[in-house]
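Working notes, structure below.
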Amino acid sequence: MSGTHKIAVIGGDGIGPEVTAETIKVIRAAGVPIDTTDFDLGAGRYQRDGEVLSDETLEQLRTYDAILLGAVGPAIGDTSIPSGTLERGLLLKMRFAFDTYINLRPFTGVPGSIAQGCDFVVIRENTEGTYAGEGGFLRKGTAHEIATQGSVNTRFGVERCARFAFELARSRPRKKLTLVHKTNVLTFSGDLWDRTVTEVARSYPDVTLDYNHIDAACIYMVEQPGRYDVIVTDNLFGDILTDLAGAVSGGIGFASSANLNPERTGPSVFEPVHGSAHDIAGQNKANPLAAISSGALMLRHLGEDAAAQRIEAIVREFAFDPAAQTASTIEIGDTVAERL
């Protein structure tokens, strides 16, 4: 694809700026023209001036082709930021404003991992469910306190997520889709998901549809990860299951993700899922492969398929190389860039 891509970069906190710097290095080495702008957002920004994400900055971000995010969050044990402040005020605010309703996380089992040799993708509905924020407190702080947390599920939201997942499954060799939910207990939301996915499946007769309860899926993910090709699930179950998938595939240090707006009515957000890891920040120890893989997902979204494929192939090769376990952050970025 011709033209220069405008990329907003939120390095964030801890190791975030380090791994995003290596990602940008690799993208440029692949010959993709990008124009980057840094945005100072995250725990550090909040601690300095109390700002999480202003509406003005949100609208500035909207003008970019994509957003590359490193990591946000304070160090473990730092209680200066109330729980949920960054999650709801920054991450979820962008997710809802830009309608990035698909969370895509690919997993390839590295040698020695439980999922060695496995290749599967989890598609998580990204804007509904329990994360929609329905609920509240009554008599908070008293002995009779009540807290409610609702799960918002719409036919529209489930169907568009299911269609995306079926299209992805159709494009892959195995052509298999597994719905993961808890229909035997969550008889309202689960019923909506089950009926909707089953109805959408009729338009994809070439895709095999399976179903697992979430608790069973957690067992199978450890004992039989090879049974999965594409998984589709709701917001909360997807959040939990993808962390487990990262662990069985070799560690969340290798896990990439894309928060996608397939219709491109807003910018999509690409980020590794390993967190800010303040304990190794500034020490040139962070493994940037998850961030670099997230950058490759960004390039695919931007239509730079050839460059994305080259980066993914090199990352996969280097992830299997024992040298990657001891190389520094900059050495890994340099190696991937040089191999390009």
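We did not get these values from a lab; they are worked out from the coordinates using the rules stated. These numbers were taken from a predicted model, which means no experiment stands behind them. As a convention, Cβ positions derive from the backbone with ideal geometry for all residues, glycine included, and neighbour counts pool all protein chains shown.
What the table below lists for this structure:
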item	result
Tail fraction, Cα-Cα pairs, region 289-340, threshold 17 Å, whole percent	29
Choice from T198, T178, T20 showing the highest fluctuation, given a GNM over the chain with Cα pairs closer than 10 Å	T198
Over the chain, relative contact order from alpha-carbon pairs under 8 Å, at least 6 apart, %	25
Cross-link partners of K25 among aspartates and glutamates (Cα-Cα below 17 Å; sequence separation of 8 or more within a chain)	D35, D38, E271, E304, E312, E331, D334, E338
Virtual spin-label span in nm between Q309 and E51, 7 Å along Cα→Cβ	4.3
3J(HN,Hα) from dihedral phi, region 330-340, Karplus parametrisation 6.51/-1.76/1.60, rounded to Hz, x for glycine, proline	5, 4, 5, x, 4, 5, 4, 4, 5, 5, 5
Chymotrypsin sites (Phe, Trp or Tyr not before Pro) lying in DSSP loop within region 175-229, provided at most 10 other Cβ fall within 10 Å	F188
Length-normalised contact order for region 101-254 - Cα pairs under 8 Å, 6+ apart - percent	33
Debye log10 I(q)/I(0) for the chain, one point scatterer per Cα, at q = 0.09 Å⁻¹	-0.48
Residue order, fewest to most surrounding Cβ atoms within 10 angstrom, among E317, E312	E317, E312
Residue-wise HN-Hα coupling along region 201-217, computed from phi with Karplus coefficients 6.51, -1.76, 1.60 (Hz; x: Gly, Pro)	4, 5, 7, 10, x, 7, 9, 7, 9, 10, 9, 9, 5, 4, 5, 5, 4
Selection from Q60, L236, A8 lying farthest towards where the dipole of the chain points positive, charges on Cβ	L236
Ellipticity estimate at 222 nm from DSSP helix runs (n ≥ 4, -39,500 (n - 2.57)) divided over the chain, nearest 500	-11500 deg cm²/dmol
Between region 214-249 and region 114-182, the Cα center-to-center distance that results, in Å	12
GluC sites (Glu not before Pro) within region 174-274: DSSP coil, no more than 12 neighbouring Cβ in 10 Å	E263
In nm, spacing of pseudo-spin labels at I330 and D194 (7 Å Cα→C-beta vector)	5.7
For region 55-204, convex hull volume per residue from C-alpha positions, Å³	215
Low-density loop positions, trypsin sites (Lys or Arg not before Pro), region 225-331 - DSSP coil, at most 16 other Cβ in 10 Å	R264, K285
